[in-house]
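Peer 1: Questions regarding the structure given below will be posed in turn.
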Amino acid sequence: MHLVRYQSSSGRPVVGVRTGDSVAPIEGVASMAELFRLSLADLQTAVTKTGTAVPADGLKWLPPIDGRGEVWCAGVTYERSRGARMEESAEQSVYDKVYTAERPELFQKAPAWRVVTDGEPVGIRVDSGHDVPEPELAVVANSHGEIIGYTVCNDMSSRSIEGVNPLYVPQAKLFAGGCALASGIRPAWEVADAKDLTIDVVITRAGDEVFTGTTSTAKLIRDLQELIDVLFLPNDFPDGVILATGTGIVPELDFRLEEGDVITISIDQLGTLTNTVALGREPFAFLAAQNLEEKR
Ligand code: DO4
Ligand code: MG
């Protein structure tokens, strides 16, 4: 089962449960924010009260986050990420230190309205030149700080901008189309061990595979609930938060994304996220133009 958002025939967003090939609206729930305000126990009850199911095929999926929801990221949580940052950066020691530090690296990635989902484009900056996807397990926490589910995140990143100076991380990480989430959230009670999931990525260019990578969340050095607790210590998340937990897959330095590349990230038990790379901010004008009340 996945918690999803999709467009009704009138264009309004609907929150529902996708099971197999069909989707059923959750009764009395108008937004993901409403679901994310429930306790885990109340959410388990809410998802059992659904209306008439419709075929999933052909529906327009919306990102599984809305309202005041935010996406955050943890960084340098896999040995591979520490090594790749040290290779690309003029300031190696900061990455080495944060990997083992008590305080994790956490940064805000996107408010809900900037998030793209499966089938929409992901972005690279016109002033970058060296860009990669970051395939990551994303943890969904409700407004009470409880982990309620998991999904797939692509933390699109500019290696060239971050490589010059770690203080440029916000510019390397937050830009139009930089944050993609799979369209469905797998409830936490259906995932036996989130620290034992295989993550795969395939990148194709004009139909040819140009990069493949794989890792396991078993290699993630941080505890998931501890990461959420650090986020909630100084912050309220009144409509919940989705935390991407860092990448364990970084291509070698000679690989860089190009416009038109197709990135497919799969996480065992959670699902798949597929996006095509677009250059610059114009392809993402639809995000700024959307009517938050009616469209997303
Ligand atoms: O330190 C920069 C961010 C690293 C990151 O996003 C990751 O490890 O996934
Ligand atoms: Mg990352």
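The values are calculated or read from the model by the stated rules, or taken from the named source; none is laboratory data. Everything numeric in this text was worked out from a predicted model, so none of it was measured. Note that each Cβ is placed from the backbone with ideal geometry, even for glycine, and that neighbours are counted across all protein chains shown. Just the protein is used for accessible areas: all its heavy atoms, side chains included, with ligands, DNA and RNA removed. Shrake-Rupley method; radii C 1.70, N 1.55, O 1.52, S 1.80 Å.
Peer 1: Identify the residue in segment 82-93 that is touching a residue at least 40 places away in the same chain (Cβ under 8 Å) and either among the aliphatic types (A, V, I, L, M) or in contact with a strand residue (DSSP E or B) (Cβ under 7 Å, 6 or more places away or on another chain) (or both) and, among all such residues, is nearest to ligand 2 (Cβ to nearest atom).
Peer 2: Taking the candidates together, the pick is 84.
Peer 1: Restricting to segment 113-144, count the residues that are open to solvent by less than 10 Å² (accessible area, probe 1.4 Å) and either farther than 24 Å from residue 212 by Cα or not hydroxyl-bearing (Ser, Thr, Tyr) (or both).
Peer 2: The number of residues fulfilling the criteria is 16.
Peer 1: Just give me the residues in segment 54-69 being among the aliphatic types (A, V, I, L, M) and either in a strand (DSSP E or B) or open to solvent by 60 Å² or more (accessible area, probe 1.4 Å) (or both), in sequence order.
Peer 2: 54, 62
Peer 1: To continue, here is another question. Where in segment 142-244 are the strands (runs of 3 or more DSSP E), entirely inside, with at least 1 residues that are within 16 Å of ligand 2 (Cβ to nearest atom)?
Peer 2: Filter on segment 142-244 gives 147-155, 179-181, 198-205, 208-216, 241-244.
Peer 1: Of everything in segment 190-215, what is of a type in the set (Gly, Ala, Ser) and more than 27 Å from residue 18 (Cα to Cα)? Give them in sequence order.
Peer 2: 206, 207, 213
Peer 1: Which pairs have Cβ atoms under 8 Å, sit 6 or more apart or on different chains, and link a residue in segment 213-238 that is under 14 Å from residue 250 (Cα atoms) to one that is of a type in the set (Val, Ile, Thr) and open to solvent by 50 Å² or more (accessible area, probe 1.4 Å)?
Peer 2: That search, which allows pairs on different chains as well, returns 214/198; 215/198; 216/198.
Peer 1: To continue, here is another question. Of all residues being in a helix (DSSP H, G or I) and out of contact with any helix residue (DSSP H, G or I) (no Cβ under 6 Å at 6 or more places or on another chain) in segment 72-82, which is surrounded by the fewest Cβ atoms within 10 Å (Cβ to Cβ)? Just the residue, please. Steps first, please.
Peer 2: Filtering segment 72-82 for residues in a helix (DSSP H, G or I) gives 79-82.
Next, only the ones that are out of contact with any helix residue (DSSP H, G or I) (no Cβ under 6 Å at 6 or more places or on another chain) stay: 79-81.
Details: 79: 13, 80: 17, 81: 25.
Among those that are in a helix (DSSP H, G or I) and out of contact with any helix residue (DSSP H, G or I) (no Cβ under 6 Å at 6 or more places or on another chain), it is 79.
Peer 1: Hey, could you check segment 19-43 for residues that are assigned to a helix (DSSP H, G or I) and open to solvent by 40 Å² or more (accessible area, probe 1.4 Å) and say which is farthest from residue 187 (Cα to Cα)?
Peer 2: 34
Peer 1: Here is a check on your reading of the model: is residue 85 basic (Lys, Arg), part of a loop (DSSP other than H, G, I, E, B) and assigned by TED's automatic domain parsing to the domain that holds residue 163?
Peer 2: Considered against the rule, which asks whether it is basic (Lys, Arg), part of a loop (DSSP other than H, G, I, E, B) and assigned by TED's automatic domain parsing to the domain that holds residue 163, residue 85 comes out as no.
Peer 1: Oh, and also: So, in segment 95-105, of the ones that are assigned to a loop (DSSP other than H, G, I, E, B) and within 13 Å of ligand 1 (Cβ to nearest atom), which residue ends up surrounded by the most Cβ atoms within 10 Å (Cβ to Cβ)? Walk me through how you get there before you give the answer.
Peer 2: Let us first name the residues in segment 95-105 that are assigned to a loop (DSSP other than H, G, I, E, B), namely 101-104.
Filter again for within 13 Å of ligand 1 (Cβ to nearest atom), leaving 101, 104.
Working: 101: 11, 104: 20.
Applying the filter and picking the extreme gives 104.
Peer 1: Can you name every residue in segment 216-227 that is closer than 30 Å to residue 66 by Cβ and either open to solvent by 10 Å² or more (accessible area, probe 1.4 Å) or of a type in the set (A, V, I, L, M) (or both)? Spell out how you get there, then give the answer.
Peer 2: Here is the first cut: in segment 216-227, the residues closer than 30 Å to residue 66 by Cβ are 217, 220, 222-227.
Within segment 216-227, 220, 222, 223, 224, 225, 226, 227 meet the criteria.
Peer 1: Could you say which residue among 108, 92 is under 17 Å from residue 174 (Cα atoms) and either open to solvent by less than 10 Å² (accessible area, probe 1.4 Å) or within 14 Å of ligand 1 (Cβ to nearest atom) (or both)? Working first, answer last.
Peer 2: Numbers: 92 fails: under 17 Å from residue 174 (Cα atoms).
Just one listed residue meets the conditions, 108.
Peer 1: Considering only segment 128-145, I want to know if a residue exists there that is more than 16 Å from ligand 1 (Cβ to nearest atom) and closer than 19 Å to residue 253 by Cα.
Peer 2: The answer is yes, given that some residue of segment 128-145 is more than 16 Å from ligand 1 (Cβ to nearest atom) and closer than 19 Å to residue 253 by Cα.
Peer 1: Name the one entry in 96, 118, 131 that is away from ligand 2 (no atom under 16 Å from the Cβ) and in contact (Cβ under 8 Å) with a residue 24 or more places away in the chain.
Peer 2: 118
Peer 1: Sort out which residues of segment 228-263 are among the polar types (S, T, N, Q) and open to solvent by 40 Å² or more (accessible area, probe 1.4 Å), and write them in order of number.
Peer 2: 235
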